[in-house]
1. What net charge do the residues around Ile127 carry, taking every other residue with its C-beta under 12 Å from that of Ile127, with Lys and Arg at +1 and Asp and Glu at -1?
2. Identify the trypsin sites (Lys or Arg not before Pro) of the range 73-136 meeting these criteria: DSSP loop state and at most 16 other C-beta atoms within 10 Å of the C-beta.
3. Could you sort 28-38, 168-178 so that the peptide with the highest average Cβ count within 10 Å comes first and the rest follow in order?
4. Taking the number of other C-beta atoms within 10 Å as the exposure measure, put Ser55, Ser80, Ser49, Ser151 in order starting with the fewest.
5. Please report the projected area of the range 92-159's Cα convex hull averaged over all directions, in nm².
6. Counting other beta carbons within 10 Å of each residue's own, what order do Leu139, Leu91 fall into, fewest first?
7. What aspartates and glutamates does Lys62 reach when the alpha-carbon gap must be under 20 Å and sequence neighbours fewer than 8 apart in one chain are set aside?
8. Be a star and scan the range 33-63 for residues whose amide nitrogen sits under 19 Å from the point 7 Å along the Cα-to-Cβ vector of Gln100.
Amino acid sequence: MLKLKLFVSTVILLSFRNVVLAHEITPTNIAVYIQAQEYNHQIRLSHYSQDYWYSQGPMLEKAATKVLGDNYAGVDMCDSQPKEAKVIVWLRPRMFYNPQMQTFYGKVNAVAYTADGKPLANYVGEISKRAFFDVKTELSLNEVYHGAMQSISAQMKADSKFQDALIASSFSSPCATVSLLPEPKIQFMSFQ
């Protein structure tokens with residue numbers, strides 16, 4: 001009985017060790033950067049007498065990690081400080097709600113750089129979604145960001161320069177160069 005318990009515990013520990021090692025071995029190909037102001041400064045969407053305040057960063061991060069993670073291996077946020085990457089993608093979101101048309105308009109600008117800071121390409125994902133403002137607003141916003149990221153991912157797949165950069169060698173500490181990127185203006189009332 002003691003040998004059986006020892007055998008089972010050894011198998012469990014070895015399988016856990018293999019899972020941890022497999023997670024560590026996965027290299028980061030794309031480091032995604034979203035500026036801190038997208039998390040810290042909320043924007044306001046208005047519908048006549050109703051306002052909806054939210055931070056764009058968490059919703060965009062969720063959409064980016066889901067869409068890019070499904071399409072590319074090794075996608076990581078710069079906040080987690082990846083040790084190396086091949087490409088940095090800087091995402092800048094914009095959101096607007098038109099109350100007369102009952103439509104959310106989302107736009108995400110993506111600027112791709114090699115991990116050593118050389119510009120690669122610009123991509124724009126725009127999408128609109130008809131939805132009522134006061135019915136599951138957060139769900140509508142998530143769908144808009146998700147759709148914009150799908151558009152950007154499709155453009156990245158079609159771009160040969162971007163695909164070639166994913167084959168190139170990795171650079172260590174890729175997110176160290178993001179401090180050199182320009183700070184955008186703070187948005188008020190969801191437009192700039």
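1. Numbers: positive: Arg94, Lys107, Lys129, Arg130; negative: Glu126, Glu143.
Neighbourhood net charge equals +2.
2. Lys83, Lys136
3. Numbers: 28-38: 21.1, 168-178: 15.6.
Ranked from most to least packed, the peptides come out as 28-38, 168-178.
4. Numbers: Ser55 14, Ser80 10, Ser49 5, Ser151 20.
Ascending Cβ contact count within 10 Å gives the list Ser49, Ser80, Ser55, Ser151.
5. Working: hull surface 19.6 nm².
Taking a quarter of the hull surface, the average projection is 4.9 nm².
6. On the way: Leu139 10, Leu91 26.
Result, fewest neighbours first: Leu139, Leu91.
7. Output for Lys62: Glu38, Asp70, Asp76, Asp79, Glu126, Glu138, Glu143.
8. Residues passing the 19 Å test: 45-50.
Each reported figure results from applying straightforward, stated rules to the coordinates on display, with no laboratory input. Keep in mind that what you see is a predicted model, and the values were worked out from it rather than measured. Note that each Cβ is placed from the backbone with ideal geometry, even for glycine, and that neighbours are counted across all protein chains shown.
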